[in-house]
Amino acid sequence: MIGKDNLGRLREYKGFVCSPLPETVIIPDSVLVYGTGENMTHIIHALTYEGENFPTSSFSGFGECCHKGGLVPFITQTPQVVIPGMGDRAFSGTYDYEVAIGLPASLLFIVVEHLFMSGGRLNMGQPVRTLLPMGLTETITPGFKFVREKIDESRKKESQ
């Protein structure tokens, strides 16, 4: 998660300050955002809209939000998807359907700029719109064409 290269950077710091973003009196180094899976989809799409800032994650189930949501994005400058643990649920009232993403604070501006841009007119929006699969063609996503070709190949082999 942090890697040996970044462990030395940890020794440079003695502690951290946490505060709600709208009320903070300091410029944050990292930001932790909670929301539903759909909310996180929008944030991840915004982060990766230009083919950069891909979140990474490995899950330990302990200290996820504190460690991986705040510290790891600060040290590695890489967004981290987080599954809130018992501390979040007990002390902050995090709901059972919430997940989170920790990101370097500098990426917050990219999220704001690109939020809801991915997918064009097919963007799922807020509140989330579901897509009913009726009359779909392979042009909706590049993967559909690949899958259609594989299905057709398989059917052709079965019929021979």
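Does segment 2-35 hold any residues that are part of a helix (DSSP H, G or I) and either in contact with a strand residue (DSSP E or B) (Cβ under 7 Å, 6 or more places away or on another chain) or farther than 25 Å from Y97 by Cβ (or both), and which are they?
K4, D5, N6, L7, G8, R9, L10, L21, E23
Name every residue in segment 6-17 that is loosely packed, with under 10 Cβ neighbours inside 10 Å and either hydrophobic (A, V, I, L, M, F, W, C) or not assigned by TED's automatic domain parsing to the domain that holds F116 (or both), in order of residue number.
Answer for segment 6-17, where residues must be loosely packed, with under 10 Cβ neighbours inside 10 Å and either hydrophobic (A, V, I, L, M, F, W, C) or not assigned by TED's automatic domain parsing to the domain that holds F116 (or both): just V17.
Name the single residue that is nearest to the chain's Cα centre (by Cα) among those in segment 79-105 being assigned to a helix (DSSP H, G or I) and among the charged types (D, E, K, R).
D88
Among the residues of segment 38-60, what is the count of those that are closer than 19 Å to M117 by Cβ, of a type outside the set (A, V, I, L, M, F, W, C) and not in a loop (DSSP other than H, G, I, E, B)?
6
Scanning for something farther than 25 Å from E50 by Cβ, in a loop (DSSP other than H, G, I, E, B) and modelled with pLDDT of 90 or more, does segment 135-147 turn up at least one residue?
So far as segment 135-147 goes, no, none of its residues is farther than 25 Å from E50 by Cβ, in a loop (DSSP other than H, G, I, E, B) and modelled with pLDDT of 90 or more.
What pairs come up if the first residue lies in segment 60-87 and is on the phi > 0 side of the Ramachandran plot, the second is part of a loop (DSSP other than H, G, I, E, B) and of a type in the set (A, V, I, L, M), and their beta carbons are under 8 Å apart, counting only those six or more places apart or on different chains?
G61/I83
Output yes when any residue across segment 25-45 is surrounded by 11 or more Cβ atoms within 10 Å (Cβ to Cβ), of a type in the set (F, W, Y) and modelled with pLDDT under 90, and no when none is.
Within segment 25-45, none of the residues are surrounded by 11 or more Cβ atoms within 10 Å (Cβ to Cβ), of a type in the set (F, W, Y) and modelled with pLDDT under 90.
The values are calculated or read from the model by the stated rules, or taken from the named source; none is laboratory data. Just so you know, these numbers come straight off a predicted model, no measurement behind them. Note that each Cβ is placed from the backbone with ideal geometry, even for glycine, and that neighbours are counted across all protein chains shown.
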